[in-house]
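Below you'll find the structure, written out as structure tokens, and then a few comments.
The values are calculated or read from the model by the stated rules, or taken from the named source; none is laboratory data. As the structure is a computational prediction, the values presented were derived from the model and not from experiment. All Cβ positions, glycine included, derive from the backbone under ideal geometry; neighbour counts span all protein chains shown. Note: accessible area is taken over every heavy atom of the protein model, side chains too, but ligands, DNA and RNA are not part of it. Shrake-Rupley method; radii C 1.70, N 1.55, O 1.52, S 1.80 Å.
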Amino acid sequence: MTSTVSIPTLSGGDEFSAYVARPAGDAKAAIIVIQEIFGVNAGIRRKCDLLAEQGYLAVAPDLFWQLERGIELDPDVEPEFKRALDLMGQFDPDGGVRDIEAAIRWARSETGGKKVGAVGYCLGGKLAYMTAARTDSDASVGYYAVGVPDMLGEAKAIANPLMLHIPEEDGFVDKAAQKAMHDGLDDHPKVTLHDYPGLDHGFATQFGDRRDDAGATLADERTDAFFAQHLG
């Protein structure tokens, strides 16, 4: 069962929408699904639906709401891809994490206090890292996270498990950035990094040209096991 809900901001002065997919029975936990730069589009909604099939309450907040509400873009359409890059440049990640925290609180209340994790992609991967460092998310996963080397100082605040999926041929995260991530995080007791040789940014997208089936399947299997261990 799916629906769109309104979640109050942390300040209580406004609200934003979120796509919610509910499992058939009681949710065993909740997972916040953090969008790419393309908004809560069909691919993100499908990720929520798949998590609901596994028994999770899945919540995808509209994080671009302060720029424009209800943005849905297709990365395979060039003008929409360019618009997404423009939106990323305008987006405030600190505000985004506050909205993720609000979504975590909403999901925890909705499930009667059960554990809440987070999974994000691209921009959402960066936000998943920030979520692990700045919120009480019980477990977080980031796919092809951008900008992490600039935030390695926050790693000391990561108290709950974090997994990052790193494609080695990521056009947005070069080899030097990947090395910095490993140098800064490999020894962290709560962080696990997985590298994917030959794969590029967006390889685990649900739909579209960027997807690599074998790589996406492997990464998603690791994510599923990670959440089963830390949220189940």
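Table for the structure above
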{"item": "Solvent-accessible area of Lys115 with every protein chain in place, 1.4 Å probe, in Å² to the nearest 10", "result": "100"}
{"item": "Distance violations [Cα-Cα > 19 Å] among Lys82/Lys175; Lys126/Lys175; Lys28/Lys190; Lys114/Lys190; Lys28/Lys156; Lys126/Lys179", "result": "Lys82/Lys175; Lys28/Lys190; Lys114/Lys190; Lys28/Lys156"}
{"item": "Table column - 3J(HN,Hα) (Hz), the stretch 157-166, Karplus curve with 6.51, -1.76, 1.60, x for Gly and Pro", "result": "8, 6, 9, 10, x, 9, 10, 10, 9, 10"}
{"item": "Residue order for Thr131, Thr217 - accessible surface, 1.4 angstrom probe, largest first", "result": "Thr217, Thr131"}
{"item": "Residue-level accessible surface for Met151, protein heavy atoms, 1.4 Å, Å²", "result": "20"}
{"item": "Paired Rg and Dmax values of the stretch 2-44, which use every Cα atom, in angstrom", "result": "12.2, 33"}
{"item": "Accessible heavy-atom area order of Asp170, Asp26, highest first, probe of 1.4 Å", "result": "Asp26, Asp170"}
{"item": "His182/Glu221 FRET efficiency (R0 25 Å; Cβ-Cβ; nearest 0.05)", "result": "0.70"}
{"item": "For the stretch 91-187, Kirkwood radius (reciprocal of mean inverse C-alpha pair distance, Å)", "result": "13.6"}
{"item": "For the chain, the spread of Cα positions along each principal axis, largest first, Å", "result": "42, 42, 34"}
{"item": "Label-point separation, Glu78 to Asp136 (7 Å along Cα→Cβ), nm", "result": "4.9"}
{"item": "Förster radius 30 Å - calculated FRET efficiency between Ser11 and Asp195 (Cβ-Cβ, nearest 0.05)", "result": "0.15"}
